[in-house]
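**Q** Handing you a structure now.
The values are calculated or read from the model by the stated rules, or taken from the named source; none is laboratory data. Model, not experiment: these values are computed from the prediction. When we count neighbours, we look across all protein chains shown, and the Cβ atoms used for this are built from the backbone with ideal geometry, even at glycine. Protein only, heavy atoms only, side chains kept; ligands, DNA and RNA dropped before computing areas. Shrake-Rupley method; radii C 1.70, N 1.55, O 1.52, S 1.80 Å.
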Amino acid sequence: MADHNAGRFIGTAIGPMLWGTTYVVFVQALPTDHPVLISALRALPAGLLLLLLVRRLPPRRILFPVTVLALTNIGLFFALLLISAARLPGGITATLAACQPLLVAFLAWPLLGRRPGMGQIALAVLGMAGVGLMVLNGGLAFDPAGVLAGIGAALSMALGIVLMERWRDLAPPVQMTAWQLLIGGALILPIALLVEGLPAHWDMRNSLGLGYLVLFATALGYWLWVGGVQRLGSRVSVLAFLSPVVALALGIGVMEETLDAQQVLGVAMVFLSIGLSVRASLSGGKA
């Protein structure tokens, strides 16, 4: 069973690794002045693609919990994250998002009746510190709205992860993913059109960037993630630390950034946090 769950952890980890490409694609290939619209346009087509596989809409009896999950995991999270990414340097956005595993640990107490252990809290803080060392280089430029959006994104996703564990038996992962993406995208699309409107210019680069986000970072990434949370529980949230690691690697490989000793230490801290957390989960520990 431990080996089987280890394989599930590995499969689930692919989701956050795909998300790690989102920031680079967004700032390099998409209109950053339309973050809510891009959030809706990545969610809705991905949901429609997965709906072709499930060929059914959510039953009325589970429509409320599915809608709550769609709002927290997709609608609010996507929009707030890209608003933060549009207004802040990527390092600050990644660091704010990295508080999500710690929030999950505390939200699981009232919602799941699972009190966080000191080891779990310590490892979450270790991972947050590692992300900070990886991505917070140079001067800091704080935009209040961007900071609030980043914190809101982390809180929204943390709540969604805990609620996914609470409602893990509602439907199979592919159905839950399709429904969340469809409903979440539909909830924010009218707001995006009202507040942001349509981009004045759209070219092939934009289409390719959006297509990548839809197919890989969203449809595939969230299908793997939802399945992991349903099978393994909300403790897989620590795997989200992989997202800024991938973003850092892309910065080195694509944007020709350099890696310094501080960042190497941060990467080591992140992998230590993930490794010890997964080990504790597989052994049934509370870390």
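**Q** For segment 34-107, which trypsin sites (Lys or Arg not before Pro) are in a loop by DSSP, counting at most 13 other Cβ atoms within 10 Å?
**A** Sparse-neighbourhood loop trypsin sites (Lys or Arg not before Pro): Arg55, Arg56.
**Q** What ³J(HN,Hα) values, in whole Hz, does the Karplus curve 6.51 cos²θ - 1.76 cosθ + 1.60 give for segment 56-70 when θ = phi - 60°, with x put for Gly and Pro?
**A** 7, 9, x, x, 4, 5, 10, 5, 5, x, 5, 5, 4, 5, 4
**Q** Next question. For n ≥ 4 DSSP H runs only, could you compute -39500 (n - 2.57) per run for the chain, divide by its residues and tell me the 222 nm figure to the nearest 500?
**A** My calculation for the chain gives -23500 deg cm²/dmol from helical runs alone.
**Q** Considering only protein heavy atoms, with the full assembly of protein chains and a 1.4 angstrom probe, order Tyr212, Tyr222 by accessible area, largest first.
**A** Per-residue accessible area, sorted high to low, gives Tyr212, Tyr222.
**Q** Taking 45 Å as R0, compute the FRET efficiency from the Cβ-Cβ separation of Ile191 and Arg279 and round it to 0.05.
**A** Given R0 = 45 Å and the Cβ-Cβ separation, E is 0.60.
**Q** Based on the Cβ-Cβ distance from Val174 to Leu198, what FRET efficiency comes out when R0 is 41 Å, to the nearest 0.05?
**A** 0.85
**Q** What residue among Trp202, Trp179, Trp225 shows peak mean-square fluctuation when the chain is described by a Gaussian network model with Cα springs under 10 Å?
**A** Trp202
**Q** Can I ask one more? Only residues of segment 179-210 count here: report those whose backbone N is under 15 Å from the spot 7 Å along Cα→Cβ of Leu48, or say none.
**A** Zone members listed by number: 179, 181-187, 189-190, 210.
**Q** For segment 3-153, I need the span (max minus min coordinate) of the C-alpha atoms along each principal axis, in Å, sorted largest to smallest.
**A** So the extents along the principal axes, rounded to whole Å, are 50, 42, 30.
**Q** For Val27, put the label point 7 Å out on the Cα→Cβ axis and report which residues of segment 148-174 keep their amide N under 15 Å from it.
**A** Correct set: 150.
**Q** A further question follows. Take each uninterrupted DSSP H stretch in the chain, measure its Cα extent along the helix axis, and return the ones at 24 Å or beyond whose mean Kyte-Doolittle hydropathy is at least -1.0.
**A** 2-19, 35-54, 118-135, 144-166, 173-195, 261-283
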